[in-house]
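Report on one structure; see the data block that follows.
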């Protein structure tokens, strides 16, 4: 056998071994995926599935757990004023995300999102605009070029199911303005 023939044979054998090893590996992985065999390197936790509310008008998204699939969106209005007695009022939207299991007889914690213009928010921060009887103002979640998105003070002050779940959602930084 010449050197050239030997090199070709060696090259073919190497390729055949690599193909065989790759095939064996993929068969092992498909068995592991089907549950026939487990692997010490398989992931132990899967990323939780989520759904997303997208508001094109105010330009933000809000990420919810998959368990909220079928949620309801309510469009309401906040009203605020100053404390100088002039009777001037400001208004703005509240977009409320409601859990799909919410019923009148068994309500669950809502997620209310107050929407402020930048000028309104500046007045809120300067204590010139009051939107609640609470001694604290709303808490900012995010903002974009036109709007500030905030949670009302005491939004979770009711005795209903889902308060801890909503707190966990809020703590996960779910609102992203664009």
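The values are calculated or read from the model by the stated rules, or taken from the named source; none is laboratory data. This is a predicted model, so every value here is computed, not measured. All Cβ positions, glycine included, derive from the backbone under ideal geometry; neighbour counts span all protein chains shown.
Checking each residue in the stretch 105-128 for being surrounded by 20 or more Cβ atoms within 10 Å (Cβ to Cβ) and in contact with a helix residue (DSSP H, G or I) (Cβ under 9 Å, 6 or more places away or on another chain) picks out 109, 110, 111, 116. Pairing each residue of the stretch 40-67 that is closer than 22 Å to residue 115 by Cα with any residue that is in a strand (DSSP E or B) and modelled with pLDDT under 95, provided the two are 6+ apart or on different chains, yields no C-beta distance under 8 Å. Of all the numbered requirements in (1) touching a residue at least 24 places away in the same chain (Cβ under 8 Å); (2) surrounded by 14 or more Cβ atoms within 10 Å (Cβ to Cβ); (3) part of a loop (DSSP other than H, G, I, E, B), residue 158 misses one, and that requirement is (2).
Only residues that are without any contact (Cβ under 8 Å) to a residue 60 or more places away in the chain and either surrounded by 14 or more Cβ atoms within 10 Å (Cβ to Cβ) or more than 24 Å from residue 124 (Cα to Cα) (or both) were counted in the stretch 68-101, giving 19.
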